[in-house]
Amino acid sequence: MNIHEYQAKEILGSFGIAVPRGRVALTSDQVERAAKEMGGRCIVKAQIYAGGRGKAGGVKLVHHPEQAQELAKDLFGRKLVTPQTGPQGLKVRRILVEEAVEIAREFYLSITLDRETSRYCLIASAEGGVEIEEVAQKSPEKIHILTIDPFTGLRPYQARKIALALGLKGSICEDCVDLILNLYRCCTERDCFLVEINPLVITKAGWLMAMDAKVNFDDNSMFRHREYPDMQDYSQLDPLEITAGKFDLSYIKLQGNIGCMVNGAGLAMATLDVLKESGGEPANFLDVGGGATREKVTEAFKIILQDADVKGVFVNIFGGIMRCDIIAQGIIEAASEVHCALPIVVRMDGSKVEEGKKLLMQSGLNVQIGNNLGDGATRIVQMLQAGRPN
Ligand code: GDP
Ligand code: MN
């Protein structure tokens, strides 16, 4: 789960990490007032659930409160497009106004969960401020990585090794050791999936400070943090993703035109692969989970049909716990309710499969049955091609 930069900085601050003085604003008048409070000269930062804002014009230094207000008027409601937002961009609805800080040096520092080792992994680099992916590609030797043993936790000597590798000496090196240890404490206590400070800076006055912050909570820890859902800014999420979340379905938006409904993550991956091999482009995939109920199937189908990019639907379901005839009823119910005339291909297998197929064939929907995964994928691609005007 994502949160905004200003929220991430509040959290880091509560763990003793220095962050610039700042205020979040919802209107351009509030931005002006906040700018006055910061002394006129300040940084105006658009708050969206994506990085790369600097280059997209979402982070700017201003010199007067009026200038901050003008900039805010331009930013509010505008969609910022960065390499992380996708082509549709993300709308700015909150702005963080911060005291301007003179920067001497910029570093990169993050802790994230490494799925391969199932451990927290610390990443640091003296090449901060820029995109870390770029550093990793061009000069991997400039990136320092440490896998943290969950039993011993992060030890001060390990943090010191990292601080020294960043080229820090003396008291600022010790400050950095404290900061790294605090960051690790933040990760474990708050169940973070990612905590990233880019840039971590040394100010001209000689202080270590988190200039930017990204915090991502581990979705698996939600049961321990009842307050997390309230921290979410739903305006930054795809509305269909929110609806899917309510029904405990996982919906992932993709770039093509075929909506995919599957049950189980493995089947989802296989379906996307085979669909691509057959020349199709998935618009999304919606995983209804192992024990999908008829209600879930209905909701899932409705969500897929609400995606305007969807020109056809491919259903690939294994009816193990759930019977195929009930899945078929769910599809028919949803498709009839929203008057869906789009081509649909259903490939299903498992209990009561013949009954399920029969229901679909009698439904009056624009539906075909796939005999197997490959056949189903080929059919939906062909149905879309046939329907395309020349
Ligand atoms: P991002 O582009 O979304 O990662 O946004 P950042 O918060 O990292 O801002 C982009 C860049 O703006 C940073 O890398 C800094 O170089 C610069 N920046 C941000 N805040 C300040 C500040 O207070 N003073 C100065 N001089 N530069 C800043
Ligand atoms: Mn940044």
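The values are calculated or read from the model by the stated rules, or taken from the named source; none is laboratory data. No experiment lies behind these values; they were computed from the predicted model shown. Cβ placement follows ideal geometry from the backbone for every residue including glycine, while neighbour counts extend to all protein chains displayed.
Whether a residue is in a loop (DSSP other than H, G, I, E, B), surrounded by 18 or more Cβ atoms within 10 Å (Cβ to Cβ) and assigned by TED's automatic domain parsing to the domain that holds G319 was assessed, and G280 passes this test.
In the stretch 102-116, what residues are assigned to a loop (DSSP other than H, G, I, E, B) and at pLDDT 95 or above? Passing the criteria: only E102.
When the stretch 117-130 is limited to residues that are in a strand (DSSP E or B) and more than 12 Å from I143 (Cα to Cα), the one that is nearest to ligand 1 (Cβ to nearest atom) turns out to be C121. Kindly establish whether Q84 is within 11 Å of ligand 1 (Cβ to nearest atom), of a type in the set (S, T, N, Q) and closer than 17 Å to G129 by Cα. Answer is yes for this residue. In the stretch 167-221, what count of residues is obtained for those that are within 14 Å of ligand 1 (Cβ to nearest atom) and surrounded by fewer than 15 Cβ atoms within 10 Å (Cβ to Cβ)? The qualifying residues number 3. Here I11 meets the list (1) away from ligand 2 (no atom under 16 Å from the Cβ); (2) in the same structural domain as E196 (by TED's automatic domain parsing); (3) in contact with a Phe, Trp or Tyr (Cβ under 9 Å, 6 or more places away or on another chain) almost entirely, failing just condition (3). Between M222, M209, the distinction of being hydrophobic (A, V, I, L, M, F, W, C) and either closer than 29 Å to G312 by Cβ or more than 16 Å from ligand 2 (Cβ to nearest atom) (or both) belongs to M222 only.
Condition check: in contact with a Lys or Arg (Cβ under 6 Å, 6 or more places away or on another chain), touching a residue at least 24 places away in the same chain (Cβ under 8 Å) and either in the same structural domain as S171 (by TED's automatic domain parsing) or not aromatic (F, W, Y) (or both). Does S250 satisfy that? Answer is no for this residue.
Looking across L168, L194, L267, one residue alone is more than 30 Å from G319 (Cα to Cα) and over 21 Å from the mean Cα position of the chain (by Cα). It is L168. The one condition from (1) within 10 Å of ligand 1 (Cβ to nearest atom); (2) under 23 Å from L164 (Cα atoms); (3) β-branched (V, I, T) that V101 does not meet is (2). Taking first residues from the stretch 168-189 that are under 26 Å from Q7 (Cα atoms) and partners that are charged (D, E, K, R) and buried (at least 16 other Cβ atoms within 10 Å of the Cβ), the Cβ contacts under 6 Å between residues at least 6 apart in sequence or on separate chains come to V177/R160. Looking only at residues of the stretch 254-302 that are of a type in the set (K, R) and under 23 Å from I242 (Cβ atoms), we find that the one that is modelled with the highest pLDDT is K302. Here are some residues: V44, V59. Which one is over 24 Å from L179 (Cα atoms), free of Cβ contacts under 8 Å to residues at least 24 places away in the same chain, crowded, with 17+ Cβ neighbours inside 10 Å and within 16 Å of ligand 2 (Cβ to nearest atom)? Of V44, V59, the one residue that is over 24 Å from L179 (Cα atoms), free of Cβ contacts under 8 Å to residues at least 24 places away in the same chain, crowded, with 17+ Cβ neighbours inside 10 Å and within 16 Å of ligand 2 (Cβ to nearest atom) is V59. Against the condition closer than 22 Å to H4 by Cα and touching a strand residue (DSSP E or B) at 6+ places or on another chain (Cβ under 8 Å), how does D218 come out, does it pass? Answer is yes for this residue. In the stretch 265-294, the residues that are free of Cβ contacts under 8 Å to residues at least 60 places away in the same chain form Cβ pairs under 6 Å with partners that are basic (K, R) and surrounded by 14 or more Cβ atoms within 10 Å (Cβ to Cβ), at six or more places apart or across chains, as follows: N284/K253; V288/K296.
Within the stretch 307-322, is even one residue of a type in the set (V, I, T) and farther than 27 Å from K276 by Cβ? There is at least one residue in the stretch 307-322 that is of a type in the set (V, I, T) and farther than 27 Å from K276 by Cβ.
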